[in-house]
1. Quick check on region 159-189: of everything there that is touching a Pro at 6+ places or on another chain (Cβ under 7 Å) and of a type in the set (A, V, I, L, M), which residue is surrounded by the fewest Cβ atoms within 10 Å (Cβ to Cβ)?
2. Please work out which one of (1) more than 17 Å from Lys113 (Cβ to Cβ); (2) in contact (Cβ under 8 Å) with a residue 24 or more places away in the chain; (3) of a type in the set (D, E, K, R) is the condition Glu73 fails and give its number.
3. Which of the numbered conditions does Asp123 fail, given that it passes all the others? Conditions: (1) in contact (Cβ under 8 Å) with a residue 40 or more places away in the chain; (2) charged (D, E, K, R); (3) outside the structural domain of Lys84 (by TED's automatic domain parsing).
4. What are the pairs, 6+ residues apart or on separate chains, where a residue within region 233-259 that is over 11 Å from Phe297 (Cβ atoms) has its Cβ under 6 Å from a residue that is in a helix (DSSP H, G or I) and not acidic (Asp, Glu)?
5. So, of the residues in region 246-299 that are in a strand (DSSP E or B) and of a type in the set (Asp, Glu), which turns out to be surrounded by the fewest Cβ atoms within 10 Å (Cβ to Cβ)?
6. Select from region 235-245 the residues that are out of contact with any strand residue (DSSP E or B) (no Cβ under 7 Å at 6 or more places or on another chain) and not in a helix (DSSP H, G or I) and write down the one among them that is modelled with the highest pLDDT.
7. Among helices (runs of 4 or more DSSP H) lying entirely in region 97-185, which contain 2 or more residues that are under 30 Å from Lys76 (Cβ atoms)?
Amino acid sequence: MIKYIFYVLLFFSPTVLQAQTNANEAKAAYLLAEENYAKADYKTALNYLEEAKKSLGAANSKILYLQIQVQMELFKIDRSYLNKVVQSIAEIEAAPDYKDFTEEKSLEVSKIKLQLKNELKRDEHLKEATAAKKASGLKKFATFLPYNRPVNIPLAELKLKYPQDPLLTGKLKNVTDDKHNLVMYYPSKYKLLQWPNYRVPVNDGFFKFSNTLEIYGIFIKEEIVKGYACLELERDEGTGGTSYDKASKEFEALLSYYTELFGMQPKRVPRPGKGYYQSEDFVWESAEKVIALEHTFGPTFKAVPWHVSASLCVIYK
């Protein structure tokens, strides 16, 4: 009789009752995880699996197998889950009850493991290619100069190096470049239109642009050449076979070209100002150098002729 009473007390002890409660909660959480997995609510399913593990105090093979299935579905839409699935596979293979797991499910885990091994190799190759592309872009950025013109030499020496250059043989005018705290020299043949925060070089009056790409400005600091301004794009209503939308797409292509060339995204700097036209700079910068693609565009109404232009400014600090 005493022995019977001992077993009854043992069965109804707080420890035993708590263990039974935990087991029930873990089973309920697992069933809810299965239901949400079937409904393709994968993140909710993962939350319930975490509850199941918490209730049990550990994860068994059954829970980890469903966790792998759920994470694989999320991996299909979000590659950041790749390492999480790999971790779950390592956990299930280390689980004490995995040796007794069904052969069919063990085989499925092995198949997923092999598949992810190839995915990890692919990510590694992509990472290496991205790093190589970035290094190549940084090198191109560091050495890029319009027409390979020299910098950090006196302006007088530059004139001696290029005695036939129309940019240097004619009369030069200058304007203070507030954006870069430099003086910019440019040929007197240009009328340099300056609205607040942006500039457009013009030949022979308003909206009559040169049809060739050329350096139109030299940045100077204390008579030392620090960089160049190069006309990359100029389109207006007088340009045949184009439109504002086409010209805008030309600029987008130009921006994409330099972004790809330098292997990094530029910082967009709006240049708000008064008047009909707008301006923005796209800036790539290092400790030694600034390259800015200056974009002037507008207006979007018909009362004033439309205009799209881009200047590439390369400046050494």
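The values are calculated or read from the model by the stated rules, or taken from the named source; none is laboratory data. Note that this is a predicted model, so its numbers are computed, not measured. Cβ atoms come from the backbone with ideal geometry, glycine included; neighbour counts cover every protein chain shown.
1. Ranking the qualifying residues of region 159-189, first place goes to Leu172.
2. (1)
3. It fails just one condition, (3).
4. So the pair list comes out empty.
5. Selected residue: Glu285.
6. The extreme case among them is Ser243.
7. The helices (runs of 4 or more DSSP H) meeting that bar are 103-143.
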